[in-house]
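Values quoted throughout were computed directly from the atomic coordinates according to the rules given, and no laboratory measurement underlies them. Every value quoted in this text rests on a predicted model; they were computed, and no experiment measured them. A quick note on method: Cβ atoms are made from the backbone with ideal geometry, for glycine too, and the neighbour counts reach across all protein chains shown.
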Amino acid sequence: MQAVIVLAPYRRPRVPRGLPVASGQRGVALVVALILLVVITLVGLAAVSGTIMQQKMSSNFYDRDVAFQAAEAALRQAQVAIGAATSGAAAPAGFYDCSPPAPNGTGANNPCQTNPFNDSNVTATATNIVTVSNTDYSAGAMAASQPQYIVQYMGKFALPTPPVRQLSGCSGYLPCSPPGLVDFYRITARSGPADSNGRASVTLQSVYRN
């Protein structure tokens, strides 16, 4: 006897309603995950860049504060040097003469530039640029170098009349006797040489009378 095999027609199984068809998914979840990963990476890089920028800004502010303190210390040391010097008709020894012509002064270097560190006549003489010694003031390891100053002797001038009335005795702005000619000095101090390898450089200036 021969066996007879009867093949029934194939019927596709019915998918319940409400369920997605498997053939409709084509890796969308992977693409979305990659996009989110790129976004998170960009946000992280932006945060790191902002932190590095803030650290650089803080370092620059600190470096400028150190330079400002060094320049201010050089101003004080120049005032001490002026107080210890004796002046006559000409500038004291070691000071750059910017006094007007006679009879108030010699006027050998008049006129002088406002910033003597830019004056080639001043910088050509090593004695005019004074570097503050470590014994007088130590800038410390955080500073670029020791501060420097230049004293310009401006000459003898009369004290200006104050805009207020003095009711006290012989103390205050003016002495009891009529004011005479006094010595005026211009002090220019800087935190260090201009070529400080990118470090902050602060220049201060003041007028001092003795």
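Just a few scattered comments:
- Spin-label pair Gln113-Ala84: with each label point 7 Å from Cα along the Cα-Cβ axis, the two points sit 2.9 nm from one another.
- Label-to-label distance for Gln54 and Leu159 is 5.3 nm, based on points extended 7 Å past Cα in the beta-carbon direction.
- Here the calculated FRET efficiency for Thr131 and Ala47, from their Cβ-Cβ distance with R0 = 45 Å, stands at 0.50, rounded to the nearest 0.05.
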